[in-house]
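Peer 1: Structure below; questions to follow.
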Amino acid sequence: MIDKIIMFIIGLIIFSSWTIRLDYKIFDRKLKKYIMGIGGLLIFWIIIRVTRLYDGSYFFWYLYYVALIFVPALYYLLSRYLSRRDNKAVIYTVFTVSTLLLIMVLTNDLHNFVFRINYASSGGGYKQNTGYYMVMAWIICLFLSATVRLVHQRRKYKKDIKLLVPFVPIILGIVYTVLYIKIPALMSITDMSIIIGFLIFVGIEGLFVVDLVPNNINYDEIFKRSLLPVCILSKDGRILYRTRNDIEIPDIIIRDIREKSVEGSYVNPDNENHRYEIEVLDNGYAVIKIDYSNIEAAKEDLSRQNVKLKRQEKLLNRHRKIKEKIYEAKINSDIMENLSGRIDRKKARIEELMNNMDEPDKEGLYEVKYLISYCKRMSNLIVSNYNYEMYDKERIKTILDELLIDSSARGIYGHINVSASLILESMRVTSVYEILFTLFQNIRDIGVLVNVSNDAIELSFDERVSSLKQALMDNVYDEISDVSERNTEDGTRLTIKLS
């Protein structure tokens, strides 16, 4: 028994030392949790194995399976994490199945589904049952699938015969388990916890050797091959690690390190663009060289680019102003052309009236005023078309009321109604104004009621009138889709549909 205790103590020391070493060997936090979990379970296994030497109950024997079941579970989740295929659903599934299998083992005394315990026989013999093979199948499946996943992930980048190394401990473990079941005498001459624990230990170390699990074993080699402007010095000023950059350390830094008066930053006395930052390490100092000459060159280049961009900005502003002037000239030309097309006939009529007026004629002057008001109002409307203005009910009614007031010189009177909440584009208002002006120019001494809506103009005259429909058709308004004229005893009703 003493020999066994010594063997277990040696195993406990080895596994504990190995687990502690894992803490600084792995730099990824989540990966470290999985690896440290495996190491902790191996330590737990050895502790339970020693405990059972003093308490031979089956309960402590069943606790062996905490490590046997959950080590491969953690190893499998580790492989999925490294292959970037881990997710909560898989984690929950693996832990749920493993927990159910462990519960099945721990409660074996109630059902004997995992082991058939023969209490009557000397020493309390047992025989493996269906549940045991379920547990072994789950363990082997997790170990194999995890290793295959890691090897497959590595083969994407590198093909090497060494990638077969991680399978060796698994195969040896399977062979040992089969022999352990088939040869009962093997139980007395070997200890499963030590052998399987040792194979797991060797297997994990094998993953580090063939780089299937990222670790910091070879950081010093990676550092030496790098081009980082960094140098590691000991506390007495000796150079411990130097990269391929091979930076020169000023004598003043080495002197201050030896005299224990090192500062955080230094400027190279031979080149002010070269500065050195000093970081204190546990066993020395890291000297980091910063070359500001490239920064100064970048500043000069940036300054040149800035001057060039300012010149381009001035040039673009000139082009923009030229285009704005061209656009304004084009707009003014379009406005004048549009306006000229609408008021040429009115101007011709004004000239005709003025030429035929030998002496002041009140009626002729009224018509001249009427035409001038049209020209003024139409000029404003056409300009608003190019500004894309919108007219609400009040503005529309004001414009049409002014037209009705101007038409009073022809004996036209009445009222203008505009639909509530009506909003029209300036172009539609121009069309309505033009249509009403044409109608009023063809009638005299009559009352009219005008209703304006979004898509129609309705006029009710208190007398019968004729030729209004024809007057609209002669002017060929594109905005008009249909004109209906109906005579009644009370007068004429005209409905103009707008397109």
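The values are calculated or read from the model by the stated rules, or taken from the named source; none is laboratory data. The structure displayed is predicted, hence computed values, not measured ones. With ideal geometry, Cβ positions are generated from the backbone for all residues, glycine too; neighbour counts draw on all protein chains shown.
Peer 1: Among the residues of region 162-176, what is the count of those that are closer than 16 Å to ILE139 by Cβ and surrounded by fewer than 17 Cβ atoms within 10 Å (Cβ to Cβ)?
Peer 2: 6
Peer 1: I'd like the full set of residues that are assigned to a strand (DSSP E or B) and crowded, with 21+ Cβ neighbours inside 10 Å, limited to region 425-456.
Peer 2: Residues satisfying the conditions are VAL448, VAL450, VAL452.
Peer 1: When you look at SER379, is it crowded, with 17+ Cβ neighbours inside 10 Å, at pLDDT below 80 and farther than 25 Å from ASP482 by Cβ, yes or no? If you could, list the steps in order and put the result at the bottom.
Peer 2: Details: crowded, with 17+ Cβ neighbours inside 10 Å: no; at pLDDT below 80: yes; farther than 25 Å from ASP482 by Cβ: yes.
Spelling it out, it is not the case that SER379 is crowded, with 17+ Cβ neighbours inside 10 Å, at pLDDT below 80 and farther than 25 Å from ASP482 by Cβ.
Peer 1: Can you find a residue that is modelled with pLDDT under 95, touching a His at 6+ places or on another chain (Cβ under 9 Å) and farther than 26 Å from ILE46 by Cα anywhere in region 110-118? Full working, then the answer.
Peer 2: Going residue by residue through region 110-118, those that are modelled with pLDDT under 95 are 110-118.
Those left that are additionally touching a His at 6+ places or on another chain (Cβ under 9 Å): none.
Within region 110-118, none of the residues are modelled with pLDDT under 95, touching a His at 6+ places or on another chain (Cβ under 9 Å) and farther than 26 Å from ILE46 by Cα.
Peer 1: Quick one: how many residues across region 10-28 are assigned to a helix (DSSP H, G or I), in contact (Cβ under 8 Å) with a residue 40 or more places away in the chain and among the β-branched types (Val, Ile, Thr)?
Peer 2: Residues in region 10-28 being assigned to a helix (DSSP H, G or I), in contact (Cβ under 8 Å) with a residue 40 or more places away in the chain and among the β-branched types (Val, Ile, Thr): 1 in total.
Peer 1: Looking only at residues that are over 17 Å from LEU281 (Cβ atoms) and under 48 Å from the mean Cα position of the chain (by Cα) in region 248-265, which one is surrounded by the most Cβ atoms within 10 Å (Cβ to Cβ)?
Peer 2: In this case the residue turns out to be PRO250.
Peer 1: All but one of (1) in contact (Cβ under 8 Å) with a residue 40 or more places away in the chain; (2) at positive phi; (3) not acidic (Asp, Glu) hold for SER467; state the number of the condition that does not hold.
Peer 2: Among (1) in contact (Cβ under 8 Å) with a residue 40 or more places away in the chain; (2) at positive phi; (3) not acidic (Asp, Glu), the lone unmet condition for SER467 is (1).
Peer 1: Another question about this same structure. Name the strands (runs of 3 or more DSSP E) wholly within region 196-293 that hold at least 3 residues that are of a type in the set (S, T, N, Q)?
Peer 2: In region 196-293, there are no strands (runs of 3 or more DSSP E) which contain 3 or more residues that are of a type in the set (S, T, N, Q).
Peer 1: From the set of residues in region 459-499 that are part of a loop (DSSP other than H, G, I, E, B) and among the β-branched types (Val, Ile, Thr), which is farthest from MET427 (Cα to Cα)?
Peer 2: Here is the first cut: in region 459-499, the ones part of a loop (DSSP other than H, G, I, E, B) are 462-467, 476-479, 489-490, 499.
So of that shortlist, the ones also among the β-branched types (Val, Ile, Thr) come out as 465, 476.
Details: VAL465: 28, VAL476: 16 Å.
Ranking the candidates gives VAL465 first.
Peer 1: Something else now. Of the conditions (1) modelled with pLDDT of 85 or more; (2) within 19 Å of TYR370 (Cβ to Cβ); (3) of a type in the set (Ser, Thr, Tyr); (4) under 56 Å from the mean Cα position of the chain (by Cα), THR430 clears all except one; give me its number.
Peer 2: Status for THR430: all satisfied but (1).
Peer 1: Pick out the one residue from TYR132, TYR126 that is surrounded by 16 or more Cβ atoms within 10 Å (Cβ to Cβ) and not in a helix (DSSP H, G or I).
Peer 2: Exactly one of TYR132, TYR126 is surrounded by 16 or more Cβ atoms within 10 Å (Cβ to Cβ) and not in a helix (DSSP H, G or I), namely TYR126.
Peer 1: Looking at ILE435, ILE457, ILE480, ILE446, can you tell me which residue is in contact with a Phe, Trp or Tyr (Cβ under 6 Å, 6 or more places away or on another chain) and closer than 23 Å to LEU371 by Cβ?
Peer 2: Unique residue meeting the criteria: ILE446.
Peer 1: Identify all residues within region 40-95 that are part of a loop (DSSP other than H, G, I, E, B) and out of contact with any helix residue (DSSP H, G or I) (no Cβ under 6 Å at 6 or more places or on another chain); write none if there are none.
Peer 2: As a first pass, look at region 40-95 and keep what is part of a loop (DSSP other than H, G, I, E, B): 55-57, 63, 83-87.
Passing the criteria: ASP55, GLY56, SER57, ARG84, ARG85, ASN87.
Peer 1: In region 459-471, is there at least one residue being within 16 Å of ASP401 (Cα to Cα), surrounded by 14 or more Cβ atoms within 10 Å (Cβ to Cβ) and within 60 Å of the chain's Cα centre (by Cα)?
Peer 2: no
Peer 1: Show the residue pairs that are 6+ apart or on different chains and have beta-carbon atoms under 9 Å apart, the first residue being within region 133-149 and in contact (Cβ under 8 Å) with a residue 40 or more places away in the chain, the second being outside any helix (DSSP H, G or I).
Peer 2: Here the result reads VAL135/VAL114; MET136/GLN128; THR147/PRO166; THR147/LEU212; ARG149/SER83; ARG149/ARG85, each pair linking region 133-149 to a residue that is outside any helix (DSSP H, G or I).
Peer 1: Continuing with this model, one more query. Of everything in region 371-418, what is closer than 16 Å to LEU436 by Cα, outside any helix (DSSP H, G or I) and of a type outside the set (Phe, Trp, Tyr)? Give them in sequence order.
Peer 2: Once the filter is applied, which keeps residues that are closer than 16 Å to LEU436 by Cα, outside any helix (DSSP H, G or I) and of a type outside the set (Phe, Trp, Tyr), region 371-418 yields GLY411, ILE412, GLY414, HIS415, ILE416, ASN417, VAL418.
Peer 1: Which of (1) buried (at least 16 other Cβ atoms within 10 Å of the Cβ); (2) free of Cβ contacts under 8 Å to residues at least 12 places away in the same chain; (3) of a type in the set (A, V, I, L, M) is the odd one out, the single condition MET187 does not satisfy?
Peer 2: (1)
Peer 1: Counting only residues that are of a type in the set (A, V, I, L, M) and surrounded by 15 or more Cβ atoms within 10 Å (Cβ to Cβ), which one in region 472-490 is modelled with the highest pLDDT?
Peer 2: VAL483
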